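The values are calculated or read from the model by the stated rules, or taken from the named source; none is laboratory data. This one's a predicted model, so the numbers in the text were calculated from it and none came from an experiment. With ideal geometry, Cβ positions are generated from the backbone for all residues, glycine too; neighbour counts draw on all protein chains shown. What goes into the accessible areas is simple: the full protein's heavy atoms, side chains included, and nothing from ligands, DNA or RNA. Shrake-Rupley method; radii C 1.70, N 1.55, O 1.52, S 1.80 Å.
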Amino acid sequence: MYSLPALLLLAWAALSAAFPATSQEDLEVTYGKMAQKYLERFYDLKTNGPVGRSKTNNPFVKKLEEMQKFFGLEVTGKLDQKTVQMMEKPRCGVHDIGEYNTVDKRAAWQKTDITYKIVNFTPDMAQADVEFSIKRAFKVWSDVTPLTFTRVYEGDCDIEIQFVEGDHSDNSPFDGPDGILAHAFQPGPGIGGDTHFDDAERFTKNSQQYNLFLVAAHEFGHALGLHHSTDEGALMYPTYPITDPYLFQLPQDDIDAIQSLYGKSSNPVQPTGPTTPSKCDPNLAFDAVTTLRGELFFFVKRFVMRVHPRVGESDMLFIQALWPSLPNDVDAIYENPYTGENLVFKGKRYWTLNGFDMSQGSKSITDLGFPKNVKKIDAAVHVEDLGKTLFFVGNKYYSYDEDRQAMDAGYPKFIAKNFPGMRPTIDAAFYYGGLLYFFQDNIQYEYNVQNKRIQQVLKSNSWLGC
């Protein structure tokens, strides 16, 4: 699956607005046929029966529950909001069902040098850019295994690559823009390993959708014998990884899967990749936390967990799904209550967010009054009771006056002196309900600013319903 950031946000907003006033019956009528087609294609639903309110032995309900379980959704057996949102995302055309993450090892390629041929090219990109994207996508897999990939220009090959539209005579027709983006066949003779891209899509070489390198890397995983993964941060997850293609690293889940088929790289230093955080992991630690228009946002590596405190449910998204130009691994972020903006910090630069809009480019933290020897901000928070924004750097903190847009005199000061009980370094902080919340590793401290004392010590992920 693959999705457009702007399309995702618009669809999310539209569905969020529409669903609360929509009955279960209306949902089933409106989305029932779409859901049935989806489950037939990706979950092997074999029925032409009714899709409405269903009994426990209804095959539609069983497959819907299977789909909800696969994507980590609440298993309701009903077409709820999040289920419909998932079904509407553009995606890979390979089915999701499968007992394991890979084919049987005996069904994988029984050799290490795989040949490929590019039969034709998309008009969306220069031929050289297509060739580079394809080569780079294969390198994702050769970097972590003994596999090599050799391009041939004529004759037989293992993986034949084509850009096609609609029904292209392989019993897996494409469906036009923003539906199924591509598909690939498992290793084997004939059509085995062949990879097809829907030329009704717009493919690119940059961060705009759909980046050909990211789509191709996913599909080549199938061509090598991988199934879809339930790890939402994995390349082989069915949804398009809304992440910066220039900074892409193959996640550990994918490394483990491909190495189970072909073995490890010959590199003396074995490559490792990023892992996907689990919101209820007792060791979960946050890079940054902020409020934004009544919601809470917890940043972890390349992800952000979005929580409405009164609802308690959390959604995990790629950071770039909400802010395409924002970097991963941010250091700090805070909401300015006077302007409604959020300032995001990484290293010596910061970016300004106005809700889900982002200002052009970044600025130097020296523009805010930090001395040049400050290399990064550990945490930032605006404290309404003090009328100040506090920046935490190592064992000290700075105070910033938003009215004057200047640093207060006499800073930095030691954290331990003015926040008794707190020790450096503070990873993240936010202000909510008249209290400060400090995060250090997997622990959070509920701090009373007026009394200058810690009121509670909690797990960092207690806000996530854990």
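Points worth noting:
- Shape call, the range 389-434: gyration tensor on alpha carbons, a/c limit 1.5: oblate
- Cα gyration tensor, the range 154-274 - rounded (a/c under 1.5), prolate or oblate: oblate
- For the range 168-174, 3J(HN,Hα) computed residue by residue from phi via the Karplus equation (6.51, -1.76, 1.60; θ = phi - 60°) reads 10, 6, 10, 6, 9, x, 7 Hz, glycine and proline entered as x.
- Cβ-isolated cysteines (cut-off 4.7 Å), the chain: CYS92, CYS157
- Cα gyration tensor category, rounded, prolate or oblate, for the chain with a/c compared to 1.5: prolate
- Cα centroid separation, the range 133-171 to the range 243-288: 23 Å.
- Here's the picture: charge each Lys and Arg Cβ at +1 and each Asp and Glu Cβ at -1 in the chain, and of TYR210, THR339, ILE242 the one pushed furthest to the positive end of that dipole is THR339.
- Reachable lysines from LYS105, criterion Cα separation under 29 angstrom, eight or more residues apart if same chain: LYS46, LYS63, LYS69, LYS117, LYS135, LYS139, LYS264
- In the assembled protein chains, ASP441 presents an accessible area of approximately 90 Å² (probe radius 1.4 Å).
- Lys, Arg +1 and Asp, Glu -1 on Cβ, resulting dipole of the range 323-383 about Cα centre, debye, nearest 20: 360
- Helical contribution to [θ] at 222 nm, DSSP H n ≥ 4, -39,500 (n - 2.57), averaged over the chain, rounded to 500: -6500 deg cm²/dmol
- Cross-link pairs LYS82/LYS348; LYS89/LYS205; LYS348/LYS388; LYS346/LYS396; LYS37/LYS279; LYS301/LYS348 - those with Cα-Cα distance over 28 Å: LYS82/LYS348; LYS37/LYS279
- The Cβ shell under 12 Å around PRO420 holds other residues with a net charge of +4, Lys and Arg each +1, Asp and Glu each -1.
- Label sites at THR30 and VAL119, each approximated as a point 7 angstrom past Cα along Cα to Cβ, lie 4.0 nm apart.
- Leading residue at positive end of dipole, the chain (Cβ point charges), from THR83, ALA182, PRO274: PRO274
- Between the exposed loop cleavage positions of the chain, defined as trypsin sites (Lys or Arg not before Pro) in a non-H, G, I, E, B DSSP state with at most 12 neighbouring beta-carbon atoms within 10 angstrom, the longest gap is 112-292.
- Charge dipole magnitude, Cβ of K and R +1, D and E -1 - the range 273-393, Cα centre, debye nearest 20: 440
- With K and R counted +1 and D and E -1, the other residues having a Cβ less than 14 Å from that of ASP178 yield a net charge of -3.
- Which of PHE42, THR112, ASN328, positive extreme of dipole for the chain (C-beta unit charges): ASN328
- The dipole here belongs to the chain: it is taken about the Cα centre, uses +1 on the Cβ of Lys and Arg and -1 on the Cβ of Asp and Glu, and is about 1580 debye.
- Computed from the C-beta positions of GLN456 and VAL75 and an R0 of 35 Å, the FRET efficiency is 0.60 to the nearest 0.05.
- Between ASP403 and VAL311, the modelled label-to-label distance comes to 3.7 nm, taking each label 7 Å out from Cα in the direction of the beta carbon.
- Among complete DSSP H helices in the chain, those whose alpha-carbon atoms stretch at least 18 Å along the helix's long axis and whose mean Kyte-Doolittle hydropathy reaches 0.0 are 5-18.
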